[in-house]
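Novice: Below you will find the structure I want to go over with you.
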Amino acid sequence: LLPLEQDKTSKNTLLAMVLKKSNKLYKNEKELERALASLYDTTIDVNVEKLDNLYNIQINMELLNEAFMSKEDIEKAKEILCAIICSPYINNAKFDEGVFEREKASLMQKIAEERDDKKKYALECLRQDMFNGTDYGMPTFGTIEMVEQITNEDLVHHYDYVINNAEIVICATGNLNGMQTFPEDIYNKLCEKCGKHTVENKQDVNKELGEIKTRVEEQDINQSVLCIGLKVDNVKKEDMYALMLYNSILGGTPASKLFQNVREKESLAYFAKSLYNKHKQAIYMYSGIDPKNHEKAKAVMLQQLDLIKSGDVLEEEFYAAKQSLISGYTELLDSKDAISRNMLNNEVYFGHEVEIDEMIQKLQSLTIQDVVRIANNIKATNIFLLGGVTHV
């Protein structure tokens, strides 16, 4: 975990991609893949994400437990994981030139492709507008221009910065019988080489929510994407559960108000959904519409907020929304990766671990009144329309 700083986002992403390819133990990708395959197809993956005002460079390893692997193999897996993080292949103050150039080109391609996914691109534009002027407003991968400017030497310097400043968090999930010390062993090995660091998750200064800001980006596309951003005022950490349920009622399921009223009843949208960002206490409504319907679609989408504020929520809507959330969390228990992500998210959000069973109990205890209470603290702040109105 690192402080979220917009000028470092592209370097963080590129570094994660390069670290996965080679290290001092296995100097090229083929050697590393062969070593992992010899450990019963142990897998390594990397990911980057923004978690509130922190940036997470995540290295994932999945391997068999001690019942199926020898202790020697488990030790070898530990060595590989530690080598990827602490012993990258750096020669003459540079990463392997071929690896660096390939991963740099791959990252620029990934950023370019994000613009081709109109739904994803529109949501990213809405997020940037909502958090304009903050580090959180920068795209997770940065920009093509930022990547172009990174040199091999820059990335080596950035690696040194990461190793000397990042806070290390280990999440281990699965059948850990006989491997109870595995996460602690990894943590100690990493801290021995990198040191122990603590990163502060600086909280945003609460600002008064002003008038709705609207931006239109003209593109010659058949289906426009209309996004409306909502922010929550006077929110507490425990309000997360009511906000999750609010989002589910608003646009989280096929039984939601957006789906039923904007898509089904009014036939204004090809899709109509909403997403909740608990770290930033924000909700994003988005729909795919015919450009000529943008004003009516906007009005009907905003109308759904007033309906929930007034308590106009049917019992079946409430029940379907709550059951959808509970089912989703129950399904998490079947996925090691999902459990791990939930552990880390709650560690960052609450400052401590929260078991999935406890989260389910909190959701089960909620009433319609809890949702109405939080609904009256929610306000639309931004509208982004991709596709414009050129065809009207």
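The values are calculated or read from the model by the stated rules, or taken from the named source; none is laboratory data. Everything quoted here is computed from the prediction, not taken from an experiment. When we count neighbours, we look across all protein chains shown, and the Cβ atoms used for this are built from the backbone with ideal geometry, even at glycine. Note: areas computed on protein heavy atoms with side chains; ligands, DNA, RNA excluded. Shrake-Rupley method; radii C 1.70, N 1.55, O 1.52, S 1.80 Å.
Novice: Within the stretch 285-319, can you find the residues that are within 21 Å of Lys379 (Cβ to Cβ), open to solvent by 60 Å² or more (accessible area, probe 1.4 Å) and basic (Lys, Arg)?
Specialist: Lys309
Novice: Sticking with this one: Test of understanding: among Glu208, Glu218, which residue is without any contact (Cβ under 8 Å) to a residue 12 or more places away in the chain, open to solvent by 60 Å² or more (accessible area, probe 1.4 Å) and not basic (Lys, Arg)?
Specialist: Going through Glu208, Glu218 in turn, just one is without any contact (Cβ under 8 Å) to a residue 12 or more places away in the chain, open to solvent by 60 Å² or more (accessible area, probe 1.4 Å) and not basic (Lys, Arg): Glu208.
Novice: Answer yes if at least one residue in the stretch 120-143 is surrounded by fewer than 16 Cβ atoms within 10 Å (Cβ to Cβ), without any contact (Cβ under 8 Å) to a residue 60 or more places away in the chain and under 28 Å from Ile84 (Cβ atoms), and no otherwise.
Specialist: Looking for residues that are surrounded by fewer than 16 Cβ atoms within 10 Å (Cβ to Cβ), without any contact (Cβ under 8 Å) to a residue 60 or more places away in the chain and under 28 Å from Ile84 (Cβ atoms), one finds none in the stretch 120-143, hence no.
Novice: For the stretch 39-64, which residues satisfy the criterion of being of a type in the set (S, T, N, Q) and either buried (at least 18 other Cβ atoms within 10 Å of the Cβ) or within 22 Å of Tyr136 (Cα to Cα) (or both)?
Specialist: Result: Thr42, Asn47, Asn53, Asn56, Gln58.
Novice: If we scan the stretch 174-189, do we find a residue that is closer than 30 Å to Ile84 by Cα, among the hydroxyl-bearing types (Ser, Thr, Tyr), more than 26 Å from the chain's Cα centre (by Cα) and surrounded by fewer than 16 Cβ atoms within 10 Å (Cβ to Cβ)?
Specialist: Yes.
Novice: Looking only at the stretch 352-376, count how many residues are open to solvent by less than 50 Å² (accessible area, probe 1.4 Å), without any contact (Cβ under 8 Å) to a residue 60 or more places away in the chain and in a loop (DSSP other than H, G, I, E, B).
Specialist: 1
Novice: Also: At pLDDT below 95, on the phi < 0 side of the Ramachandran plot and not aliphatic (A, V, I, L, M): is that true of Asp129 in this structure?
Specialist: Against the criterion (at pLDDT below 95, on the phi < 0 side of the Ramachandran plot and not aliphatic (A, V, I, L, M)), Asp129 does not qualify.
Novice: Oh, and also: When you check Asp334 against the structure, is it free of Cβ contacts under 8 Å to residues at least 40 places away in the same chain, among the charged types (D, E, K, R) and either buried (at least 16 other Cβ atoms within 10 Å of the Cβ) or within 19 Å of Gly174 (Cα to Cα) (or both), yes or no?
Specialist: yes
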